[in-house]
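A.B. asks: Before I ask anything, here is the structure I am working with.
The values are calculated or read from the model by the stated rules, or taken from the named source; none is laboratory data. In this text the structure is predicted, and so the values were computed from the model without any measurement. Please note: Cβ atoms are built from the backbone with ideal geometry, for glycine as well, and neighbour counts cover all protein chains shown.
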Amino acid sequence: MKLGFYPGCSLEGSAREYAESVIAVAGEAGVDLEQVPDWNCCGATAAHNMNRNLSLALPARILAKAEAAGMKEIVVPCAACYNRLSVTRHELLENESLRREISATIEYDLRCDAEILNVLQMLDRHVMPAIGDKIRVPFARRVACYYGCLLVRPHKILKFDRLEDPQSMDAIIRKIGGDPLDWAFKTECCGAGLSVSATPLVGKLSGRILDDASIRGAEAVIVACPMCHSNLDMRRPHCDKAMKKHYTMPVLYITQAIGLALGIDPKTLGLHRHMVPVKFEKHPADAASARPAPPDAVKEV
Amino acid sequence: MSRIGVFICHCGENIGATVDCERVARACAGIPGVVHSVDYKYMCSDPGQNMIKDAIRDHNLTGVVVGACSPRMHEPTFRRACEEAGLNPFLCEMANIREHCSWVHEKSEVTTEKAIDLVRVIVEKVRRNKPLFPIKVPVTKTALVLGGGIAGIQAALDIANAGHKVIMVERSPSIGGHMSQLSETFPTLDCSQCILTPRMVEVARHPNITLHTYSEIESLDGFIGNFKVKIRKKARSVDEKLCTGCGLCTQKCPTKKIPSEFDAGLGMRSAIYVPFPQAVPNKPVIDRLHCTFFLKGKCRLCEKVCPTQAIRFDQEDTIVEADIGAVVLATGFDIKHADFFPEYGYGAYKDVIDGLQFERLASASGPTLGEIRRPSDGRKPETVVFIACAGSRDPAKGIEYCSKICCMYTAKHAMLYRHKVHGGKAYIFYMDIRAGGKMYEEFVRRAIEEDGVRYVRGRVSRVYEREGKLIVQGADTLLGAQPVEIEADMVVLATAAVANDGAEELAQKMHVSYDAYKFFAEAHPKLKPVETNTAGIFLAGACQAPKDIPESVAQASGAAAKVSALFSQDELTREPVIAVVNRCAPPLYSTCVGCFLCQAACPYQAIEKEEIRARDGNLIKTVAKVNPGLCQGCGTCVAVCRTKAIDLQGFSNEQVFAEVMALLNRSEANAGI
Amino acid sequence: MSTEARHNGIPATLADGILENTGVPVAKCYQCGKCSAGCPLAADMDYPPSLILRMLQTGDAGLEEKVLRSYTIWVCLTCETCIARCPMEIEIPKMMDYLRQESLRRGTTNPRARDIIRFHRSFLDSIKFTGRLYEMGLVVDYKARSLHLLQDVHLAPKMYLKGHLHILPELIKGLPLMRRIFSKTSRRGGEAAG
């Protein structure tokens, strides 16, 4: 099966392993991801902070390119891009004069009829049903599923999962043999776009997320957003500094966790690209039996 | 030949400033059949009325048209004046030249012409009016009180003490309502059950009150003074006459782990149970959804231990019918539960409880015998956070109104907690403190000043559990909206008070209107607060809007006074504006063909069948007949009748067509004037 | 707030401007503080979100100026926690976007927010000239603007080795259209990059 695919800039650069694992896992399910032709950046936080019309026009051009290519479902693994594309689509559908104005700007008459899928929706709809019998190495880890903000909010527009305490990623983890824990920071913000320009704040916000996960004995944090990943992984030293602790938990993309369960080579999944090494302190069997696990992933500094 | 008098009122400036009243009177004098036409500044005044009376006598009038305000205002006034002058009051009608003309138009020629038209139309109607006579209907002096909470109890006792019969229907196995669940009551802190149970007992013992618990309304038909009610008595599975309330069955019942409704889920009850020790009646009920015998066909332990053989597994629901004259709706309210709040954990945290659950914790008859203990582990909470406005005043959650009772009971909760757990810390997150009521503000001040309850002005964004504590994320808006984080042991949500489950269906059964939140609607928010739009049905307590105990009791007494006033008469007088089946056609039987389309269409079940027989007793035909007691004069039957055999008295087809024709022939008529 | 509250065609207060341009009714806020209670960065803001709303409600020019000069509007992450829980459903993130753009337009940006704004500008420049985000270029450009020359330098070699950084930008084919999009949207009152 063929699906439209909008990787977004991060997946071409700092989050290559996310793209690699998405493509690998989709491939196992017989899903062929076809890139939106000549796609551009969605504008991310910068555009909607600085210029409203630009923040609508950039995603609109992406939607236009996908529409022109006849795509009906577009998979958008980056939560930020997913959010921008969904919000733009919603605003243009709600407001006809705005749709006409933006169509004029991007020189294409948008219909907005393509459906935008985040990675969890793609997995749930097209991947999980096809790989049920292919789980070779159950991902028997106690993990914290971290959704972040952009996947679930604004709830009125995205209408995805529960407003608080979402469950869709937890359900996927259960299907691959994992043990998603009940924790409190599933949808707290990691600091997102302030990663470069206000790094200490990001250290604090992401640190709080890691802290709650580690207190509850998570062996890893599972994410579905490149920004969340870079803040929890690449910015780990800042998190440690803000919380005055040292966290060793790896941060995996949900597709990497599924890939491991399917027995895909870690290198293909890009695990070597992480800043925090993907090492588990316990053998999976021990981890599964030893619950609730003590917070041994944390060492006081 | 009709002799009609026309009286045009200036209503001071109200009509006079816009309509040329003199010209209207002059023009009307020219209408055929009008023998007298005058205008006057205030027709409703005594001199005005006397003008009408004198004219009736002097000119031998056969009809009166008053061109003035809405008939809603003064029709009774003018009809009474006519009656006093010896004219049948139904020969007097009003033409509304104020609301329908002067108030909605500018002063101009056409405005005056419109006023003339309006009067002329009514003249045409009055010309065809027939003398009518009011209908007398008897009053059944028995009241139905729906709901056995404090409002229902108060209303029932007041009506019964006035000497009238009362039938009380309560849905649950015992009367007492929410008040029986409460610990102590604000602002005096007297024990709720201590002041309530004497009233409950009084209801049970009162010779004028018949009590049906574990019962619901099946249907209500009829009209004020003459309702018929069907009550479904649900199968109790216990013979109430034989049962002595000894309690052996409930002790021996092996199924004991059912969350108790009375203890708001914090305590357990058995499958055969009495909701609480002071229940009225003190007779158990078998909960068939949980009873082992009903689930698996085995057990019958209660039957074996019952010393009076009162258990009846084969009992079935029974329907009781009764004639009643008035209804008091006192079905109360419900509250939202913790699972309504995603941000406070979707109800997943055991120590996040609602206000009623806290009442049970604080009550001496509750699951902890009045000690404040956490539902999760039974520990005494050292820090308790109370969250006011949980769901109330929250359009995002669909509840825009203020629940009114929470400010006070939250202050009481915090106070009780501080009394019971020494050294415990009580925080209340609030938006406003609404303490309007006798001794209420003083009560809140006492909580703050004497009992050390810490009020924080701000709403709580989120509650989550971490290492056995509940982390409460709030803000102090009086400190510049500074974030406040409290590690609490227990969180009490003052959840929104909402309409009861099934309020909508009940309202439809009772033919009363309800608001957007499914609270029953009063007839007028200020002047008719206990009446509904349906005559003879009254409201008491929180089924109309959230109310505290004093207010519920006051409204219940108000409703009881209305019922007593109604029952003080033996007969009710009703306007004769009802449908009649035409029986004038020869040979003295109806033109009705007996299709009974009208019967199907009538919303009031007022159409009956009548057999017309010849002298020898042979049936000639079956025709429709209108029951004058039931008919409300809506006219639906007139519209559906294929043979035009039904007419509405006072609004006959002939009259309505004459009115329309008067308007259509306007140009000719006006040309003639 | 009605359109009557205009002076010479210009909304009389900032709150009027917000209502007119974004449809967000500042007057609806009843100061419950739930947004501030849940905001992950409320403690780092000069005015928490509910206080910003209160300041706007006054219509006081001095307070409006303080809002437009605040750090709050730039440090706001648009994480949408506030609107997810706001009982009055006031779209604070939408309002924040407007306040940022108004602050840029009036040249009243907070000095502490300079780095954040510089980063946004570098970001938008990058996509204006290449169509996609050229991360290496973004970082170099941001360093040049912010003079934080040494920030994160230790990360670059590591990121390169792990394959996170492209040395050369990837250019999309539709660049002329991208330029037109930038110029058309900046003409409409928005801030153009660069």
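A.B. asks: So which residues in segment B:72-96 are of a type in the set (Gly, Ala, Ser) and under 12 Å from B:Asn50 (Cα atoms)?
C.D. replies: Residues satisfying the conditions are B:Ala81, B:Ala85.
A.B. asks: Just a yes or no: is a residue in segment A:141-154 more than 14 Å from chain C (Cβ to nearest Cβ), part of a helix (DSSP H, G or I), in contact (Cβ under 8 Å) with a residue 40 or more places away in the chain and touching a helix residue (DSSP H, G or I) at 6+ places or on another chain (Cβ under 8 Å)?
C.D. replies: No, there is no match, as no residue in segment A:141-154 is more than 14 Å from chain C (Cβ to nearest Cβ), part of a helix (DSSP H, G or I), in contact (Cβ under 8 Å) with a residue 40 or more places away in the chain and touching a helix residue (DSSP H, G or I) at 6+ places or on another chain (Cβ under 8 Å).
A.B. asks: Of C:Lys28, C:Lys66, which residue is in contact with a Phe, Trp or Tyr (Cβ under 9 Å, 6 or more places away or on another chain) and within 14 Å of chain B (Cβ to nearest Cβ)?
C.D. replies: C:Lys66
A.B. asks: Among (1) within 25 Å of A:Trp39 (Cα to Cα); (2) more than 7 Å from chain A (Cβ to nearest Cβ); (3) at pLDDT 80 or above, which single condition is C:Pro169 missing?
C.D. replies: (3)
A.B. asks: Here is a further query. Checking the conditions here, which among A:Arg99, A:Arg136, A:Arg84, A:Arg89 is among the basic types (Lys, Arg), in a loop (DSSP other than H, G, I, E, B) and touching a helix residue (DSSP H, G or I) at 6+ places or on another chain (Cβ under 8 Å)?
C.D. replies: One residue alone meets the criteria, A:Arg136.
A.B. asks: Still on this structure: Out of everything in segment B:62-82 that is outside any strand (DSSP E or B) and of a type in the set (A, V, I, L, M, F, W, C), what residue ends up being nearest to B:Val121 (Cα to Cα)?
C.D. replies: So the residue we want is B:Cys69.
A.B. asks: Here is a follow-up. Suppose we keep only residues that are closer than 30 Å to C:Pro25 by Cα, aliphatic (A, V, I, L, M) and not in a helix (DSSP H, G or I) within segment C:88-144. Which one would you say is nearest to the other protein chains (Cβ to nearest Cβ)?
C.D. replies: Ranking the qualifying residues of segment C:88-144, first place goes to C:Met88.
A.B. asks: Moving on. Quick one: which residue in B:Ile159, B:Ile224 is within 24 Å of B:Val137 (Cβ to Cβ) and modelled with pLDDT under 95?
C.D. replies: B:Ile224
A.B. asks: Restricting attention to segment C:145-155, which residues are outside any helix (DSSP H, G or I) and within 8 Å of another protein chain (Cβ to nearest Cβ)?
C.D. replies: Correct list: C:Gln151, C:Asp152.
A.B. asks: Given the structure, is A:Leu205 within 14 Å of another protein chain (Cβ to nearest Cβ) and modelled with pLDDT of 95 or more?
C.D. replies: Against the criterion (within 14 Å of another protein chain (Cβ to nearest Cβ) and modelled with pLDDT of 95 or more), A:Leu205 qualifies.
A.B. asks: Quick one: which of A:Val25, A:Val76 is over 30 Å from C:His120 (Cα atoms), modelled with pLDDT of 95 or more and hydrophobic (A, V, I, L, M, F, W, C)?
C.D. replies: Testing whether each residue is over 30 Å from C:His120 (Cα atoms), modelled with pLDDT of 95 or more and hydrophobic (A, V, I, L, M, F, W, C) leaves just A:Val25.
A.B. asks: Quick one: is B:Ala160 free of Cβ contacts under 8 Å to residues at least 60 places away in the same chain and among the hydrophobic types (A, V, I, L, M, F, W, C)?
C.D. replies: Yes: the conditions hold for B:Ala160.
A.B. asks: A further question on this structure: Kindly indicate whether B:Val472 is within 14 Å of another protein chain (Cβ to nearest Cβ), surrounded by 23 or more Cβ atoms within 10 Å (Cβ to Cβ), closer than 14 Å to B:Thr383 by Cβ and in contact with a helix residue (DSSP H, G or I) (Cβ under 8 Å, 6 or more places away or on another chain).
C.D. replies: no
A.B. asks: Scan segment B:617-637 and tell me whether some residue there is in a loop (DSSP other than H, G, I, E, B) and among the basic types (Lys, Arg).
C.D. replies: no
A.B. asks: Of all residues in segment B:161-192, how many are in a helix (DSSP H, G or I) and either in contact with a helix residue (DSSP H, G or I) (Cβ under 8 Å, 6 or more places away or on another chain) or crowded, with 22+ Cβ neighbours inside 10 Å (or both)?
C.D. replies: Total satisfying the criteria: 5.
A.B. asks: Now a separate question. Scan B:Val453, B:Val460 and give me the residue that is closer than 30 Å to C:Leu41 by Cα and within 14 Å of another protein chain (Cβ to nearest Cβ).
C.D. replies: That would be B:Val460, the only listed residue that is closer than 30 Å to C:Leu41 by Cα and within 14 Å of another protein chain (Cβ to nearest Cβ).
A.B. asks: Restricting attention to segment A:180-191, does a residue exist that is outside any loop (DSSP other than H, G, I, E, B) and at the interface with another protein chain (Cβ under 8 Å from one of its Cβ atoms)?
C.D. replies: So far as segment A:180-191 goes, no, none of its residues is outside any loop (DSSP other than H, G, I, E, B) and at the interface with another protein chain (Cβ under 8 Å from one of its Cβ atoms).
A.B. asks: Can you tell me which residues in segment C:43-57 are within 7 Å of chain B (Cβ to nearest Cβ), at pLDDT 95 or above and not in a loop (DSSP other than H, G, I, E, B)?
C.D. replies: C:Ser50, C:Leu51
A.B. asks: Name every residue in segment A:192-224 that is closer than 24 Å to C:Ala144 by Cβ, in a helix (DSSP H, G or I) and of a type in the set (Gly, Ala, Ser), in order of residue number.
C.D. replies: A:Ala192, A:Gly193, listed by residue number.
A.B. asks: Got a number for residues in segment A:106-128 being touching a residue at least 24 places away in the same chain (Cβ under 8 Å) and part of a helix (DSSP H, G or I)?
C.D. replies: Residues that pass the stated criteria total 10.
A.B. asks: Condition first: in contact (Cβ under 8 Å) with a residue 24 or more places away in the chain and crowded, with 17+ Cβ neighbours inside 10 Å. Now tell me which residues in segment C:130-147 satisfy that.
C.D. replies: C:Thr130, C:Gly131, C:Arg132, C:Tyr134, C:Glu135, C:Met136, C:Gly137, C:Tyr142, C:Ser146
A.B. asks: Starting from residues that are free of Cβ contacts under 8 Å to residues at least 12 places away in the same chain and in contact with a Phe, Trp or Tyr (Cβ under 9 Å, 6 or more places away or on another chain), keep the ones in segment B:380-402 and report whichever is surrounded by the most Cβ atoms within 10 Å (Cβ to Cβ).
C.D. replies: Ranking the qualifying residues of segment B:380-402, first place goes to B:Glu400.
A.B. asks: Also, I was wondering about something else. Can you name the condition, by its number, that A:Met227 falls short on among (1) at pLDDT 95 or above; (2) in a helix (DSSP H, G or I); (3) out of contact with any Lys or Arg (no Cβ under 9 Å at 6 or more places or on another chain); (4) within 14 Å of chain C (Cβ to nearest Cβ)?
C.D. replies: A:Met227 satisfies every listed condition except (1).
A.B. asks: In this structure, is C:Leu175 more than 7 Å from chain A (Cβ to nearest Cβ), surrounded by 12 or more Cβ atoms within 10 Å (Cβ to Cβ) and within 27 Å of A:Trp39 (Cβ to Cβ)?
C.D. replies: The answer is yes for C:Leu175.
A.B. asks: Next question, about the same structure. Would you pick out the residues in segment A:201-257 that are more than 12 Å from A:Phe185 (Cα to Cα) and of a type in the set (Asp, Glu)?
C.D. replies: Residues satisfying the conditions are A:Glu219, A:Asp233, A:Asp240.
A.B. asks: Within segment B:287-322, track down each residue that is of a type in the set (Asp, Glu) and surrounded by 15 or more Cβ atoms within 10 Å (Cβ to Cβ).
C.D. replies: Once the filter is applied, which keeps residues that are of a type in the set (Asp, Glu) and surrounded by 15 or more Cβ atoms within 10 Å (Cβ to Cβ), segment B:287-322 yields B:Asp287, B:Glu303.
A.B. asks: Please specify each residue of segment B:25-48 satisfying the condition of being crowded, with 18+ Cβ neighbours inside 10 Å, in contact with a Ser or Thr (Cβ under 7 Å, 6 or more places away or on another chain) and of a type outside the set (Gly, Ala, Ser).
C.D. replies: B:Cys28
Table: residues versus (1) touching a strand residue (DSSP E or B) at 6+ places or on another chain (Cβ under 6 Å); (2) of a type in the set (Gly, Ala, Ser); (3) within 23 Å of B:Pro307 (Cα to Cα).
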{"site": "B:Ile209", "(1), (2), (3)": "yes, no, no"}
{"site": "B:Arg232", "(1), (2), (3)": "yes, no, no"}
{"site": "B:Arg236", "(1), (2), (3)": "yes, no, yes"}
{"site": "B:Glu240", "(1), (2), (3)": "no, no, yes"}
{"site": "B:Thr244", "(1), (2), (3)": "no, no, yes"}
{"site": "B:Leu248", "(1), (2), (3)": "no, no, yes"}
{"site": "B:Phe262", "(1), (2), (3)": "no, no, no"}
{"site": "B:Gln278", "(1), (2), (3)": "no, no, yes"}
{"site": "B:Asn282", "(1), (2), (3)": "no, no, yes"}
